[in-house]
Amino acid sequence: MTDFLLATASAILFTVAVGLVRILGGPGDADRIMAAQLIGTGGIGSLLLIAAATGARGVEDVALGLALLAAFASAAFVNSAAPAEDSDAADGR
Amino acid sequence: MSVLQALDIGLAFLVFAVAAWTIFARGAFAATVGYVVYGLLLSLVWIRLFAVDVALTEAAIGSGVTGVLLIGAAARLRGAETEDERSLTGLPRVFTAVLCVLITAALAAVVLLFPEQGPSLAPQSMQHLPETGLGNPVTAVLIAYRAFDTMLEKVVLVLAVVGVWSLAADRYWGGAPGEPRAERPEPTLAFLAQVLAPLGILVGIHIFWVGADEPGGAFQGGAILAAMWIIVMMARLTEAPSTSAFWLRLALIAGPLVFLIAGVSGAIFAGGFFAYPPGFAKPVILFIEAFMVLSIAVTLPMLVAGPPRREPKVDRSR
Amino acid sequence: MSLVDLFSIAAIGAGVFFFLAGTVGLLRFPDALSRLHALTKADNLGLGLIVLGLLPRAESPLAAFKLLAIWALVQLAGATTAQLVGRAVRRKGTAA
């Protein structure tokens, strides 16, 4: 079971790596902003699996913190790359 | 090769590759994204090394708050930077590269040549843990065995805020940094801030409280609280406070001040600078940590908000 | 191998499959918006299945609750990030 958990953690890290190769080099900043989201989701997945396999304690708190901060980082990136303009809200949306 | 070893090698390789990409990335924005990704991957490495407290700190501050700080700086520099600009070319660049390689090689040699049982104070620190009333040895090192060090770190944070504020133009001194509160904030970002902030506050306080016995602590909890305030300011649901506000300045110094008072009263009541009264150590430690959390939660957003950019409001009632 | 272990393996395996599907989408989709869709939807579902598979192995009810909270938070983050980035792409073009 431990080996299975570690193998799946490796698989997820591998998908994250492949995804990173694609979007870190991607044209335009929109792709790069997604990198934070990718590593956030994939990283938390690997983290939970590794923790379950190696028996590290208190890792759910790290995952909670990571989840909060991945959202925070993505929002900050979007805010910086394309700051919200007041004219947008006046769009009638 | 076991699955665990393969995982470790893959993770190490990925961290190295992301670091290399960050160094060679073009443009500050791309480099900052790379830096945040690198930080989050590094948290995984810390988990593998069973240093869960450090993983939490790395995620919260190393890539979270510092990432946002860098992105803010990159945004401010955007007008002044071109895509192809390189600050170092030719010989200085080669020299820097050689220096970095030498330092890395030296560190690697030191780690690889470590004797089987390296010199360590870990057994003694675990031995005396029950006297501090704590269950988490990392917190014991930070607030009990090396409290003076931690207090000085908090002073450094205050100095950093003073440094950032002093970058303001003379006429803005005492004003507020950042954008004013928006009449109609962008709905998606506002939604995110409104849902995330209460959850984040809960998680932050939980991580601080739990840090006495489980991985966590004041620094990590404070960083998460700071991130929540920053996101509320980003969504422009609230504006940054004026830098001359008394409550703000008091909150900034509360942490190191309480810490210092505790240390000095230790000299009076417990027989040594930063000694804690026996049997009463844990409440004192939690008391100090509470104020540390307050200071960190206020300091980090002020660092991210930057120097004041609006004129101070004049109090005409005087 | 107990039934619970089999359930965990099945759920986690399905989770990894969705992660792979998400990455395939990232690699193959032609423009930023569809890549965004692949990333935020498939990866989130993958994470949800992994959380489901790890729930029986949780050390305490609080730990299980935290796992579910993590997934809910990532869902929220994914949904809002997709909206924010989508809006940015629409406003500024893919060179955002």
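Data for the structure
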{"quantity": "Single residue of C:Gly78, C:Gly53 found to be more than 7 Å from every other protein chain (Cβ to nearest Cβ), of a type outside the set (Phe, Trp, Tyr), assigned to a helix (DSSP H, G or I) and crowded, with 22+ Cβ neighbours inside 10 Å", "calculated": "C:Gly53"}
{"quantity": "So B:Gly34, is it in a helix (DSSP H, G or I), crowded, with 16+ Cβ neighbours inside 10 Å and more than 8 Å from chain A (Cβ to nearest Cβ)", "calculated": "no"}
{"quantity": "Count - residues of segment B:205-227 that are at pLDDT 90 or above, among the aliphatic types (A, V, I, L, M) and either surrounded by fewer than 24 Cβ atoms within 10 Å (Cβ to Cβ) or not assigned by TED's automatic domain parsing to the domain that holds B:Pro185 (or both)", "calculated": "1"}
{"quantity": "Out of B:Ile253, B:Ile268, sole residue that is in the same structural domain as B:Leu152 (by TED's automatic domain parsing), modelled with pLDDT of 90 or more and either over 18 Å from the mean Cα position of the chain (by Cα) or β-branched (Val, Ile, Thr) (or both)", "calculated": "B:Ile253"}
{"quantity": "Whichever residue in segment B:132-191 is hydroxyl-bearing (Ser, Thr, Tyr) and closer than 18 Å to B:Phe291 by Cβ and, among such residues, is modelled with the highest pLDDT", "calculated": "B:Thr150"}
{"quantity": "Qualifying residue in segment B:40-51 (condition: within 10 Å of another protein chain (Cβ to nearest Cβ) and touching a residue at least 40 places away in the same chain (Cβ under 8 Å))", "calculated": "yes"}
{"quantity": "Tabulated pairs, segment A:56-81, first at the interface with chain C (Cβ under 8 Å from one of its Cβ atoms), second charged (D, E, K, R) and surrounded by 24 or more Cβ atoms within 10 Å (Cβ to Cβ), C-beta under 8 angstrom, 6+ apart or interchain", "calculated": "A:Ala81/A:Asp29"}
{"quantity": "Which numbered condition B:Ala106 misses (of (1) aliphatic (A, V, I, L, M); (2) surrounded by fewer than 11 Cβ atoms within 10 Å (Cβ to Cβ); (3) assigned by TED's automatic domain parsing to the domain that holds B:Ala218)", "calculated": "(3)"}
{"quantity": "Filter pass, C:Phe7 being in a helix (DSSP H, G or I), exposed (fewer than 15 other Cβ atoms within 10 Å of the Cβ), among the hydrophobic types (A, V, I, L, M, F, W, C) and touching a residue at least 24 places away in the same chain (Cβ under 8 Å)", "calculated": "yes"}
{"quantity": "Filter result (more than 7 Å from chain C (Cβ to nearest Cβ) and of a type in the set (Gly, Ala, Ser)) within segment A:41-55", "calculated": "A:Gly43, A:Ser46, A:Ala51, A:Ala53, A:Gly55"}
{"quantity": "Residues located in segment A:21-36, provided they are more than 18 Å from A:Leu66 (Cα to Cα) and in a helix (DSSP H, G or I)", "calculated": "A:Val21, A:Arg22, A:Ile23, A:Leu24, A:Asp29, A:Ala30, A:Asp31, A:Arg32"}
{"quantity": "Test: residue in segment B:31-51 that is modelled with pLDDT under 85, among the basic types (Lys, Arg) and out of contact with any Phe, Trp or Tyr (no Cβ under 8 Å at 6 or more places or on another chain)", "calculated": "no"}
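The values are calculated or read from the model by the stated rules, or taken from the named source; none is laboratory data. Keep in mind that what you see is a predicted model, and the values were worked out from it rather than measured. Glycine gets a Cβ as well: all are built from the backbone with ideal geometry, and neighbour counts include every protein chain shown.
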